[in-house]
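These notes concern the structure reproduced below.
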Amino acid sequence: MKASNDINPHQHRIALVLQGGGALGAYQAGVYQALHEHGLTPDWVVGTSIGAINAAIIAGNKRGNCLTRLKEFWDRVSHGDAFDMSKVSDPARQFNIRMSTLDTVVRGVPGFFSPRGLHPFPLGMPVDPEEASFYDTAPLVNTLRELVDFDYLNKADGMRLTVEAVKVSCGRRAVFDNSRQAIGPEHILASGALPPGFPGVRIDGELYWDGGLFSNTPLETVLDDEPRIDTLCFMVDLWSASGDEPTTIDEVATRQKDVMYASRSKNHIEHYLELHHLRSLVRKLHAELPDACQKRTAYALEAVGRDSTIHIVRLAYSGRDWHMASKDINFSRGSIEWRWEQGYNDAMRAIHHRGWTSFVPAETGIVVHELVPDQANAVDIK
């Protein structure tokens, strides 16, 4: 089922951009469920780290199986709570989160990663670069092979998938795209290979790390895509760039992670708008050229000056997680289910508002639709 004309009246290409954030990624699964139920099936999914895993499951399954596979993944990597989280005080919740975090650190996460034991201690002992980590991600390879149909994912007429990593040798961004190459489990692992917890992944002789080390929100991939076409982009962030001043060590550590991994989307958007303005000037210049010049140079100017409109619907996880820096490795079942539910509810609010359905002039370039926290139906359009 595709979106009806009242939800996507201009029939824009639909892109889904998924940030990295470990256990917080269950929020993205909830967002996808709401899009799925309203026929807003992405034409293109772009992800980094946990976002790449969610993206691969979405793109690597027939539409009717995506939600089932996502639920299976998040059920597999979550574990039971010490007690019913809905009926306890904040201190009890914090205790449960600490126990969940300790369990993750000591035992790893089933179907995701497992501890290497004492290896590679001592820390100064040289080891193979693909083993220089505290955890082994071999369990994730098996999980991906079970939950992602890579033959289906790489079909020429299938959903486009882009995942991002960092090339260790030079620190530059690496983009893996199934419209240009076959994508396998190794590309998904590379996108989530966050050191020193997880090992680097070697592909065609090069070692890669987590794409979040370069940019944790791969929005610029959508903004820079050629040819430029009108796009409805759902950007799902897991970290908040804004927040209160911390007053405890836990809050300091939490805020530090938020700032480090938060979206730099505003910078990308400002840069894109500058380019959009330049393209508008080029287009006007092309229109002023005499007929005799409407050939070689003119064709190049016309291509550079071509515009598109991008509606960005920003959905951001805002769970308190009781101000604990370990929120991204808290795989307790109650937390996973709560994040999924919040993602679903936030996306439903955005779909109900449908701010992107309004007509905007071609020269606008980008329109950002952002949910206003704590206001049931409000959307801030910037």
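The values are calculated or read from the model by the stated rules, or taken from the named source; none is laboratory data. A quick note: this is a predicted structure, and the numbers were derived from the prediction, not measured. Using ideal geometry, Cβ is built from the backbone for each residue, glycine included, and neighbour counts are taken over all protein chains shown.
Here are the numbers:
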quantity: Unique residue being in contact (Cβ under 8 Å) with a residue 24 or more places away in the chain, of a type in the set (D, E, K, R) and within 18 Å of Val201 (Cβ to Cβ) when the list is Asp128, Asp149, Asp136; calculated: Asp136
quantity: Qualifying residue in segment 346-357 (condition: at pLDDT below 75, closer than 26 Å to His38 by Cβ and loosely packed, with under 15 Cβ neighbours inside 10 Å); calculated: no
quantity: Residue within segment 141-152 that is more than 30 Å from Val368 (Cβ to Cβ), among the β-branched types (Val, Ile, Thr) and in a helix (DSSP H, G or I) present; calculated: yes
quantity: Checking Val45 against (1) closer than 29 Å to Asp103 by Cβ; (2) buried (at least 24 other Cβ atoms within 10 Å of the Cβ), the condition it does not meet; calculated: (1)
quantity: Test: residue in segment 125-134 that is more than 20 Å from Gly20 (Cβ to Cβ) and among the polar types (S, T, N, Q); calculated: no
quantity: Glu131 over 21 Å from the mean Cα position of the chain (by Cα) and outside any strand (DSSP E or B); calculated: yes
quantity: Count of segment 337-356 residues which are hydrophobic (A, V, I, L, M, F, W, C) and within 18 Å of Gln19 (Cα to Cα); calculated: 2
quantity: Selection within segment 9-27 - in contact (Cβ under 8 Å) with a residue 24 or more places away in the chain and either closer than 16 Å to Asp224 by Cα or surrounded by fewer than 21 Cβ atoms within 10 Å (Cβ to Cβ) (or both); calculated: Pro9, His10, His12, Arg13, Ile14, Ala15, Leu16, Val17
quantity: Enumeration of residues in segment 48-70 that are surrounded by fewer than 24 Cβ atoms within 10 Å (Cβ to Cβ) and either among the small types (Gly, Ala, Ser) or under 22 Å from Arg354 (Cα atoms) (or both); calculated: Gly64
